[in-house]
Amino acid sequence: MGDPFDLAAGWLQENLLIPALYQFGLMNWEDVSYNWALFALYGAAQVAVTFAVCLPLEHWRPVERWPDSKAVGVDVLYTVLSRVGILPLVTYVLFYRAQVSVSGWMTDQGWVPPTLEGLFPALLGQQVLTFVLYAVILDFSDFLRHFLSHQFRWWWALHSLHHAQRQMTFWSDDRNHVLDDLIAFVWFGVIALLIGVPPLQFPLLVLMLRFLESLSHANVRLSFGWLGDRLLISPRFHRAHHGVLGAGDRSCNYGSVLPWWDMLFRTADFSRDYVPTGDPSGEEALATGTWTQQQMAGLRRFARAFGRSHVRYGA
Amino acid sequence: MRRLCLLLSLCFTLPGFTARANAGGIAFVIDSAGAAVSVIDMATQKEVRRIPTLREPHHLILSPDGRSLLVGDTTGNQIMFLDPNTGEVKQRVPVTDPYQLAFSPNGKFLTVNGLARNQVDVYDAATMKLVKRFPVVATPSHLAYSPDSSIVFVSLQDSDKLAAFDLRTMTPKWTVPVGKTPAGVLWLNGKVLVADMGTDYIAVVDPETGKVLEHVETGKGAHNLFLSPDRKILWVNNRAGGTTVSMDAATLKPIRTYAIPGGPDDMDFAPNGKIWITRRWAEKVAVLDPATGTFETIEVGRSPHGLFLNPKGPAPAVVSSR
Ligand SMILES: [Zn+2]
Ligand SMILES: [Zn+2]
């Protein structure tokens with residue numbers, strides 16, 4: 001039996017990574033290398049599954065047809081970088097070690113970092129149920145972070161990179177400014193510390209959630225129906241968030257996987273129907289530049305955000 | 001299959017059936033990534049159930065009185081006390097980042113290496129109160145005591161150093177370079193042996209001064225060291241080589257090399273002469289027969305790490321099959 005991802009990562013570790021680390025005198029990275037292999041394999045699987053499902057969907061009922069899809073290429077790069085490449089490694093090295101360090105420090109102060117299982121011991125051993133509860137809490141925290149990123153000028157300057165895409169596809173989920181990604185990591189880290197998120201315990205379910213997030217960006221006329229759209233976020237729902245009118249602080253539909261928070265805080269808009277996407281207030285490089293040009297443009301906008309404060313953004 | 005197992009176990013419990021002695025035995029294998037401890041029936045060599053831990057357990061150790069098995073959960077920041085005969089969870093004690101842990105031979109102290117937090121914590125074994133924290137330069141990994149319990153030796157994996165701490169005065173004794181990426185530590189014949197994972201040898205270190213006296217070649221990525229129960233054979237697991245080597249404990253001359261693929265890590269000795277080895281990246285435990293060089297395989301959880309055999313314990317009850 002065995003978990004195919006674990007075994008494949010083990011194979012990579014034994015036959016490629018360990019020999020390389022040993023050769024270069026880096027054996028102290030052997031734990032990191034295994035976890036990176038695991039992250040990368042899950043990432044590759046996420047991309048493959050998303051690709052296999054979303055590409056036919058986008059051909060079947062596209063919202064928009066473009067004479068060329070040049071701007072999509074950079075989103076592919078964003079996806080590969082953040083799911084298979086360097087980002088998982090950074091996440092593990094920085095985030096994981098920092099989390100252990102801080103939670104250990106708190107234990108020393110006599111304050112045991114709380115966990116859901118600690119609050120509800122019955123959850124111990126109920127892996128799937130525990131994960132679902134963690135996922136719901138994390139989804140809410142992500143909703144909050146996303147909402148706030150639309151409220152502050154400097155933060156929107158970074159997040160507007162995500163909104164700049166006028167050729168939005170399932171690849172667009174990962175197009176973010178690196179500083180925005182960094183904030184998201186720290187945000188997640190704090191929440192993880194507060195509720196004790198188990199980092200690598202539920203990779204397959206994380207894979208499913210990431211798939212839904214990618215799907216919600218797909219260029220496809222797809223709604224889950226009146227009820228379905230109120231249970232899970234569909235491409236139709238998230239597209240409204242990316243609409244030209246949705247840029248800036250008057251947007252709607254901030255959720256990632258569950259639309260419940262938008263409904264609760266009255267930011268949900270189920271009426272907008274497959275609107276054009278993009279952010280007319282941003283410079284063109286944010287939309288059609290190369291990866292570096294987009295990052296630099298985001299940084300410029302970020303710097304400007306600390307200057308004049310009377311100009312509002314958005315439409 | 002289940003019916004067959006039932007039939008077999010029935011046979012073993014029949015009166016007059018002399019296989020009674022080997023019908024028992026319970027083994028514990030830690031599954032770090034799966035946040036669990038696998039309970040294995042030593043007789044059938046099958047996993048019978050899993051005990052959930054909080055986050056990320058790595059190593060385990062038997063208490064001096066033999067009544068508790070301590071499982072260190074690093075990111076969970078707690079030590080779980082199990083009944084070594086049944087696997088029942090008796091207690092959970094908050095402890096910072098317990099990676100490796102070991103009791104001093106006199107049973108007074110429990111030393112806990114906080115790998116992620118760069119600290120070596122010495123606890124009073126009776127009260128579980130922290131006696132002393134030694135901050136170290138990097139990632140304390142494995143540890144060993146001098147037989148008189150006066151000194152604890154700790155390998156600092158991400159540095160090239162081994163550290164010694166005097167437990168009588170609770171002061172650092174020395175920290176010296178011993179070779180690249182030091183891992184397993186073992187006291188043997190008045191010397192300290194350190195497995196250097198970045199090389200293919202173990203370093204033999206003078207416990208008084210920390211001076212490296214000699215290097216003994218074992219295989220690529222020497223990772224962990226164990227002494228057989230009769231104290232005659234030294235076993236070394238080599239991470240990069242994927243091998244386990246037996247050596248004469250008196251002369252440190254190699255006897256035989258066994259191929260154990262999948263990152264051989266922790267090890268324990270069964271009374272029937274077989275050696276149990278966790279294979280870190282293969283989701284398996286190898287049960288090696290040193291005489292023939294072949295091994296049997298036990299399927300376990302996602303990343304098998306620490307291992308403990310309790311051959312005198314009763315065969316574990318099947319609570320639920322997974
Ligand atoms: Zn947004
Ligand atoms: Zn989006």
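The values are calculated or read from the model by the stated rules, or taken from the named source; none is laboratory data. Owing to the predicted nature of the structure, the values given are computational and were not obtained by experimental measurement. Cβ atoms come from the backbone with ideal geometry, glycine included; neighbour counts cover every protein chain shown. Quick note on the areas: whole protein, heavy atoms, side chains included, nothing else; ligands and nucleic acids left out. Shrake-Rupley method; radii C 1.70, N 1.55, O 1.52, S 1.80 Å.
Scanning segment B:27-50 for residues that are of a type outside the set (Gly, Ala, Ser), within 14 Å of chain A (Cβ to nearest Cβ) and buried (at least 21 other Cβ atoms within 10 Å of the Cβ) gives B:Asp31, B:Val37, B:Val39, B:Glu47, B:Arg50. Looking only at segment B:67-83, residues that are open to solvent by 20 Å² or more (accessible area, probe 1.4 Å) and either within 14 Å of chain A (Cβ to nearest Cβ) or touching a residue at least 60 places away in the same chain (Cβ under 8 Å) (or both) come to 2 in all.
For the criterion of being out of contact with any strand residue (DSSP E or B) (no Cβ under 6 Å at 6 or more places or on another chain), open to solvent by 20 Å² or more (accessible area, probe 1.4 Å) and more than 14 Å from every other protein chain (Cβ to nearest Cβ), B:Thr86 passes. Here A:Trp154 qualifies as in contact (Cβ under 8 Å) with a residue 12 or more places away in the chain, open to solvent by 30 Å² or more (accessible area, probe 1.4 Å) and more than 13 Å from ligand 2 (Cβ to nearest atom). So for segment A:164-172 (the condition being more than 16 Å from ligand 1 (Cβ to nearest atom), in a helix (DSSP H, G or I) and surrounded by 20 or more Cβ atoms within 10 Å (Cβ to Cβ)), does at least one residue qualify? The answer is yes, given that some residue of segment A:164-172 is more than 16 Å from ligand 1 (Cβ to nearest atom), in a helix (DSSP H, G or I) and surrounded by 20 or more Cβ atoms within 10 Å (Cβ to Cβ). Per the listing A:Arg230, A:Arg175, A:Arg210, A:Arg145, the residue uniquely more than 25 Å from A:Ala44 (Cα to Cα), within 14 Å of ligand 2 (Cβ to nearest atom) and crowded, with 17+ Cβ neighbours inside 10 Å is A:Arg145. Put simply, of B:Gly241, B:Gly262, B:Gly306 the only residue that is under 20 Å from the mean Cα position of the chain (by Cα), within 14 Å of another protein chain (Cβ to nearest Cβ) and open to solvent by less than 10 Å² (accessible area, probe 1.4 Å) is B:Gly262. Selection of segment B:190-222 for residues being under 19 Å from B:Thr244 (Cβ atoms), of a type in the set (Ser, Thr, Tyr) and assigned to a loop (DSSP other than H, G, I, E, B) yields B:Thr199, B:Thr218.
Of the numbered criteria (1) buried (at least 23 other Cβ atoms within 10 Å of the Cβ); (2) farther than 21 Å from B:His223 by Cα, the one B:Ala315 fails is (1). Among the residues making up segment A:116-130, those that are in contact with a Pro (Cβ under 9 Å, 6 or more places away or on another chain) and open to solvent by less than 20 Å² (accessible area, probe 1.4 Å) are A:Glu117, A:Thr130. Scanning segment A:189-206 for residues that are in contact (Cβ under 8 Å) with a residue 60 or more places away in the chain and either buried (at least 17 other Cβ atoms within 10 Å of the Cβ) or within 16 Å of ligand 1 (Cβ to nearest atom) (or both) turns up A:Gly189, A:Ala192, A:Ile195, A:Gly196, A:Val197, A:Pro198, A:Pro199, A:Leu200, A:Gln201, A:Phe202, A:Pro203, A:Val206.
Restricting attention to segment A:12-29, the residues that are free of Cβ contacts under 8 Å to residues at least 12 places away in the same chain, within 8 Å of chain B (Cβ to nearest Cβ) and either in a helix (DSSP H, G or I) or within 21 Å of B:Ala259 (Cα to Cα) (or both) total 5.
Would you call A:Leu215 more than 12 Å from ligand 2 (Cβ to nearest atom) and either open to solvent by 10 Å² or more (accessible area, probe 1.4 Å) or at pLDDT 90 or above (or both)? No; evaluated as a whole, the condition is false for this residue. Among the residues of segment B:51-64, those identified as without any contact (Cβ under 8 Å) to a residue 40 or more places away in the chain and surrounded by fewer than 24 Cβ atoms within 10 Å (Cβ to Cβ) are B:Ile51, B:Pro52, B:Leu54, B:Arg55. Given the condition assigned to a strand (DSSP E or B) and under 25 Å from B:His305 (Cα atoms), answer yes or no: does some residue in segment B:123-134 qualify? Yes, that holds for at least one residue. One residue alone among B:Thr175, B:Thr171 is touching a residue at least 12 places away in the same chain (Cβ under 8 Å), out of contact with any Ser or Thr (no Cβ under 7 Å at 6 or more places or on another chain) and over 21 Å from B:Ala249 (Cβ atoms), and that residue is B:Thr175.
B:Pro64 satisfies every condition listed in (1) within 14 Å of another protein chain (Cβ to nearest Cβ); (2) of a type outside the set (D, E, K, R); (3) in a loop (DSSP other than H, G, I, E, B) except (1). All told, A:Leu222 falls short of being away from ligand 1 (no atom under 16 Å from the Cβ), open to solvent by 20 Å² or more (accessible area, probe 1.4 Å) and not in a loop (DSSP other than H, G, I, E, B). Only residues that are closer than 20 Å to B:Pro254 by Cβ, touching a residue at least 24 places away in the same chain (Cβ under 8 Å) and among the charged types (D, E, K, R): list them for segment B:178-213, please. Residues satisfying the conditions are B:Asp196, B:Asp200. Filtering segment A:233-259 to residues that are aromatic (Phe, Trp, Tyr) and near ligand 2 (Cβ under 10 Å from one of its atoms) leaves only A:Tyr254. Pairs are defined by a Cβ separation below 8 Å, a sequence spacing of at least 6 or placement on different chains, a first member in segment B:115-134 that is away from chain A (no Cβ under 14 Å) and touching a residue at least 60 places away in the same chain (Cβ under 8 Å), and a second member that is of a type in the set (Gly, Ala, Ser) and open to solvent by 10 Å² or more (accessible area, probe 1.4 Å); the pairs so defined are B:Ala125/B:Ser63; B:Ala125/B:Gly107.
Every condition in (1) of a type outside the set (Phe, Trp, Tyr); (2) under 12 Å from A:Arg272 (Cβ atoms); (3) touching a Leu at 6+ places or on another chain (Cβ under 8 Å) is met by A:Val197 except one, and the failing one is (2). I'm trying to understand the selection: among the residues of segment A:245-274, which are among the hydrophobic types (A, V, I, L, M, F, W, C) and either open to solvent by 50 Å² or more (accessible area, probe 1.4 Å) or within 13 Å of ligand 1 (Cβ to nearest atom) (or both)? Within segment A:245-274, A:Leu245, A:Ala247, A:Cys252, A:Trp260, A:Met263, A:Leu264, A:Phe265 meet the criteria.
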